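Beneath this line is the structure, given in structure tokens, with notes to follow.
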Amino acid sequence: MSFVSSYRLRVQRRRWLIRAVRKRRELKSVANRTRQIRRNDMLLFCTARNERVRLPYFLEYYRDLGVQHFLFVDNDSDDGTAAYLADQPDCSVWHTAKGYKRARFGMDWINWLLMRYGHGHWTLTVDPDEFFVYPFCDTRPIQALTDWLDASSIKSFAAMLLDMYPKGRIDAEPYIEGQNPLEIASWFDSGNYLIQKNARFGNLWIQGGPRMRVFFPEDPAKAPALNKIPLVKWDRRYAFVSSTHMLLPRGLNQVYDEWGGEKASGLLLHTKFLDTFSAKAKEELERKQHYAASVEYRAYADLMRDDPELWCKWSEKYINWRQLEILGLMSKGNWA
């Protein structure tokens, strides 16, 4: 990368950090328990809106994984999300009624909280419908992974978004609060993924899976990006650029091996497609707070009227992380 290009990225990173500092004024503390955070605690950062029904299992899952403190931004929920989280002893919660889109789809708020509270910590940044899996996650807590990453001088860890879906109609089985969503959305596409390198930021750009296959078959370039870097040893000089798809400094995006080897990686099991999906898609389409004029949610709303099935004869049923490694969707690299 040329000196000029590198300088421009540094300027852009400073711009995002300044925006984050300014946007902190939009956050009102609901329950601030950050004084409880210890030096080596694993922290999770999340923006949520009307996700009350998902939260009990979400918190249980990540507590079992080894997360010790949760930092939430509630974007003006009206279903009791903020009150529920404020009652949790390991959660700190901020509320904002400001526009999600004008906060760079929530990343200005998250960048501020990461800058303020994440410095020096391993941090997970995920959505309420995303479940992080990594090699040996069934037997080793996340601290085993971060200890190995520290010993290997690795600061960031990739996890492709893997869309999960039920067999049959999406709304056929109701989701019950506290239930593992993978009991319903237990199928995924094991192939049909397109990968290219983003020359400017150095990250991989991945598209495919059921959303490209079903919702964007005629225009696959509009399909959502699936590449994410949710696990980062945070420094206050870092900034997410676009969701957790990429970061600055640019070197944090180089979570892959270009010389024939394999770096360790994980997956985010994405459980968007439950019976709550149709109402959620309609709400988000009306709010118009999502990327590219909500083109993704327009596609969802249009096709949901016909009750499409995401399952097909090539779908695979989820078993465990070892299955995902065999299929080449994640790798343990040289972590044994």
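The values are calculated or read from the model by the stated rules, or taken from the named source; none is laboratory data. Just so you know, these numbers come straight off a predicted model, no measurement behind them. Here the Cβ is made from the backbone with ideal geometry for all residues, glycine too, and neighbour counts use every protein chain on show. Please note that ligands, DNA and RNA were not included when accessible areas were found on the heavy atoms of the full protein model with its side chains. Shrake-Rupley method; radii C 1.70, N 1.55, O 1.52, S 1.80 Å.
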**OP:** Mind giving me the nanometre distance, one decimal, between the label points for Asn320 and Ala301, set 7 Å out from Cα along Cα→Cβ?
**Re:** 4.3
Original post:
If you roll a 1.4 Å probe over segment 1-139 with all protein chains in place, what percent of the accessible area is carbon or sulfur?
Top reply: 46
Original post:
Over all distinct alpha-carbon pairs, what is the Kirkwood Rh of segment 1-147 in angstrom?
Top reply: 16.3
**OP:** List the relative contact order of segment 27-163 as a percent without decimals, with contacts defined as Cα pairs under 8 Å and 6+ residues apart.
**Re:** 33
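What is the dipole size for segment 1-100, taken about its Cα centre, with +1 at each Lys and Arg Cβ and -1 at each Asp and Glu Cβ, in debye to the nearest 20? Spell out each step's value before the answer.
Details: 20 positive and 11 negative charges, 213 e Å.
About 1020 debye.
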Original post:
From the cross-link list Lys28/Lys317; Lys23/Lys282; Lys28/Lys222, which pairs have alpha carbons spaced over 31 Å apart?
Top reply: Lys28/Lys317; Lys28/Lys222
Original post:
Any idea what the relative contact order of the chain is, in percent, if you count C-alpha pairs under 8 Å spaced at least 6 apart?
Top reply: 22
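Note down, for segment 170-240, the three equivalent ellipsoid semi-axes (square root of 5 times each alpha carbon gyration tensor eigenvalue), biggest first, whole angstrom. Write down the numbers at each step before the final one.
Details: eigenvalues 158, 93, 19 Å².
Whole-Å semi-axes of the equivalent ellipsoid: 28, 22, 10.
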Original post:
Given the convex hull of the Cα atoms of the chain, what is a quarter of its surface area in nm²?
Top reply: 16.6
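With every protein chain kept in place and ligands, DNA and RNA left out, what is the accessible area per residue of segment 61-145? Probe 1.4 Å, answer in Å².
33
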